[in-house]
Amino acid sequence: MTDKQVLIKVEGLQKDFGEKKVLQGIDIEIDQGDVVVVIGPSGSGKSTFLRTLNLLEVPTGGRIFFEGVDITDKTVDINLHRRKMGMVFQQFNLFPHMTVLGNMTLSPIKVLKMPKAEAEKKALSLLARVGLADRAESYPGQLSGGQKQRVAIARALCMDPDVLLFDEPTSALDPEMVGEVLDVMKQLAANHTTMVVVTHEMGFAREVGNRVLFMDEGKIAEEGAPTDIFGNPQSDRLKEFLSKVL
Amino acid sequence: MNFVTFEMWLEGVPDWILALPDWLQNFMYQFYQTFIFEQRYMLFLNGLKITAIVTVGALAMGIVLGLIVAIIRTSNDSFVSRKPPFILRIFNAICKIYLTVIRGTPMMVQLLIMGFVIMVPKTETEIIVCAIVTLGINSGAYVAEIARSGLMSIDAGQSEAARSLGLSYFKTMWYVVIPQAIKNILPALGNEMITLLKDTSLVSVIALRDVTKQAQNIVSKTYQAYVPYISLAAIYLAIVMLLTWLLSLLERRLRKSDR
Ligand SMILES: Nc1ncnc2c1ncn2[C@@H]1O[C@H](COP(=O)(O)OP(=O)(O)OP(=O)(O)O)[C@@H](O)[C@H]1O
Ligand SMILES: [Mg+2]
């Protein structure tokens with residue numbers, strides 16, 4: 001193993017919504033190739049933490065370095081950095097007025113100025129990777145939830161991101177479709193894609209994650225390898241949380 | 001001479017008309033006076049042309065203006081936890097004043113002010129421009145609220161997904177939010193177009209010879225109001241029904257692409 005490179009560095013991250021302090025000082029480094037799984041009770045700030053990483057939520061305090069650049073600096077063009085951070089949402093958020101191919105090629109064509117033919121070729125090969133090669137011309141409304149989420153992942157991959165952020169990617173799915181999405185994510189992890197995954201799928205966390213963060217009340221309450229977090233939890237809050245979800 | 005008496009008209013008609021009942025003869029005489037004598041149907045056609053130009057021009061201006069105002073208002077409102085930038089707050093304040101003033105005063109008064117105080121047009125072309133600008137500014141205020149509800153009807157997740165792919169605010173609006181919003185507001189926009197068409201009848205107060213003004217002119221020549229005004233109503237009704245039908249076709253096609 002060579003030295004790991006730091007991809008994201010978070011320092012003293014805070015986020016308030018009005019009076020409500022949602023993130024209360026988060027410090028963490030995420031290295032290239034990490035699969036970081038974020039768990040914690042509802043309302044603990046998991047989504048907010050994930051969304052601050054690409055500035056969908058603007059932090060009230062602290063700093064976020066992405067590939068060495070402080071993206072909380074107001075003079076930074078965030079659009080340049082968001083290209084390199086793919087995001088997958090619980091509700092898929094596919095664009096319903098575009099075909100699957102249109103969804104996937106929009107940003108490569110309009111933002112990266114990639115020629116259309118090249119963007120489509122790339123999109124088709126990524127679609128094949130998520131097992132949906134035959135759905136390129138479909139509209140999102142014609143797909144099942146699992147298929148939508150696989151398209152959403154493929155859409156994010158079209159930008160060649162350096163990190164993928166997942167916010168409960170399987171929570172809106174019928175149980176029989178969870179597996180197909182997790183399989184795609186496992187395949188990504190096997191290819192050393194850096195991922196930050198907020199999930200309630202403890203099986204996935206244990207099996208695929210190399211680091212697990214337990215968030216509680218806007219802080220990282222406990223952090224470690226999956227075997228430690230699940231096998232040897234330290235804090236009472238984590239023990240209590242695990243006893244509920246396992 | 002711009003007038004034909006009933007007796008003069010009777011002399012020139014074919015014999016079979018003489019056999020018809022009086023009231024029908026009278027109606028035919030009035031119809032002749034309104035449409036055929038001195039080729040007056042041309043007055044209606046010319047008037048309709050002006051009505052159409054003003055409607056389309058004002059609608060185009062209203063949509064552009066309304067969309068701009070709606071985008072300013074929604075982006076200002078999208079700052080929940082922070083204050084919007086200073087420039088945006090200024091623009092937003094201007095938009096609010098615009099909406100309040102335009103929606104709080106009658107269209108007729110707006111026309112009088114534009115026509116006799118602000119623009120004071122002289123030539124026919126200037127009057128048309130004045131009418132388009134006045135109705136466009138008026139319509140923009142209503143389109144703005146329609147467009148705002150359309151923009152707000154699009155789930156925030158749509159723009160979040162677009163922004164997370166690196167699209168700028170404007171590209172997100174242009175490629176993702178606006179196309180979906182337009183589909184949602186098309187029925188309301190269609191209604192606005194119909195309202196606008198009917199409102200153009202007010203431009204006669206700034207002496208624009210639209211179809212309503214032409215009907216009035218004919219009445220002042222013939223001293224008969226019945227046929228010109230009933231025909232005028234029929235003309236508006238026919239156009240509105242045609243537009244309504246076209247809109248329903250369009251809506252059905254859009255819904256099909258939704259699946
Ligand atoms: N836009 C917002 N405005 C105000 N409060 C918010 C906003 N977004 C989140 N919050 C609050 O912040 C807290 C943390 O929310 P967050 O969504 O990050 O939690 P979470 O850990 O993702 O929970 P869940 O497991 O239910 O998704 C909650 O109390 C929530 O009500
Ligand atoms: Mg959440």
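A few points about this structure:
- Restricting region A:232-244 to residues that are without any contact (Cβ under 8 Å) to a residue 60 or more places away in the chain and of a type outside the set (D, E, K, R), the residue that is farthest from ligand 1 (Cβ to nearest atom) is A:ASN232.
- Residue that is surrounded by the fewest Cβ atoms within 10 Å (Cβ to Cβ), among those in region A:197-221 that are away from ligand 1 (no atom under 11 Å from the Cβ) and closer than 14 Å to A:VAL181 by Cβ: A:GLY203
- Options A:LYS15, A:LYS21: the member that is basic (Lys, Arg), within 16 Å of ligand 2 (Cβ to nearest atom) and within 14 Å of chain B (Cβ to nearest Cβ): A:LYS15
- The residues in region A:150-177 that are away from ligand 2 (no atom under 16 Å from the Cβ) and either modelled with pLDDT of 95 or more or under 20 Å from A:SER125 (Cβ atoms) (or both) can be counted, and the count is 15.
- Candidates B:VAL133, B:VAL176, B:VAL109, B:VAL120, filtered to the one that is in a loop (DSSP other than H, G, I, E, B) and of a type outside the set (Lys, Arg): B:VAL120
- Test: residue in region B:181-202 that is closer than 30 Å to A:LEU164 by Cβ and within 14 Å of chain A (Cβ to nearest Cβ): yes
- Residues that are under 18 Å from A:LEU50 (Cα atoms) and among the hydrophobic types (A, V, I, L, M, F, W, C) were ranked within region A:81-116; the one that is nearest to ligand 2 (Cβ to nearest atom) is A:PHE89.
- Residue within region B:152-173 that is away from every other protein chain (no Cβ under 13 Å) and either surrounded by 24 or more Cβ atoms within 10 Å (Cβ to Cβ) or assigned to a helix (DSSP H, G or I) (or both) present: yes
- Looking across region B:117-169, just one residue is basic (Lys, Arg) and touching a residue at least 40 places away in the same chain (Cβ under 8 Å), and that is B:ARG148.
- Among the criteria (1) touching a Lys or Arg at 6+ places or on another chain (Cβ under 8 Å); (2) away from chain A (no Cβ under 14 Å), the one B:THR222 does not fulfil is (1).
- Every pair of residues 6+ apart whose Cβ atoms lie under 8 Å, when the first sits in region A:36-49 and is under 15 Å from A:ALA205 (Cβ atoms) while the second is part of a helix (DSSP H, G or I) and within 11 Å of ligand 2 (Cβ to nearest atom): A:VAL38/A:LYS46; A:VAL38/A:PHE49; A:VAL38/A:LEU50; A:ILE39/A:LYS46; A:GLY40/A:LYS46
- Evaluation of B:GLN25 against (1) surrounded by fewer than 15 Cβ atoms within 10 Å (Cβ to Cβ); (2) over 36 Å from the mean Cα position of the chain (by Cα) (one fails), failing number: (1)
- Criterion (of a type outside the set (A, V, I, L, M, F, W, C) and either farther than 30 Å from A:LYS219 by Cβ or within 16 Å of ligand 2 (Cβ to nearest atom) (or both)) met by exactly one of A:GLU120, A:GLU67, A:GLU29: A:GLU120
The values are calculated or read from the model by the stated rules, or taken from the named source; none is laboratory data. What you see is a predicted model, and the numbers here were worked out from it, not measured in a lab. Here the Cβ is made from the backbone with ideal geometry for all residues, glycine too, and neighbour counts use every protein chain on show.
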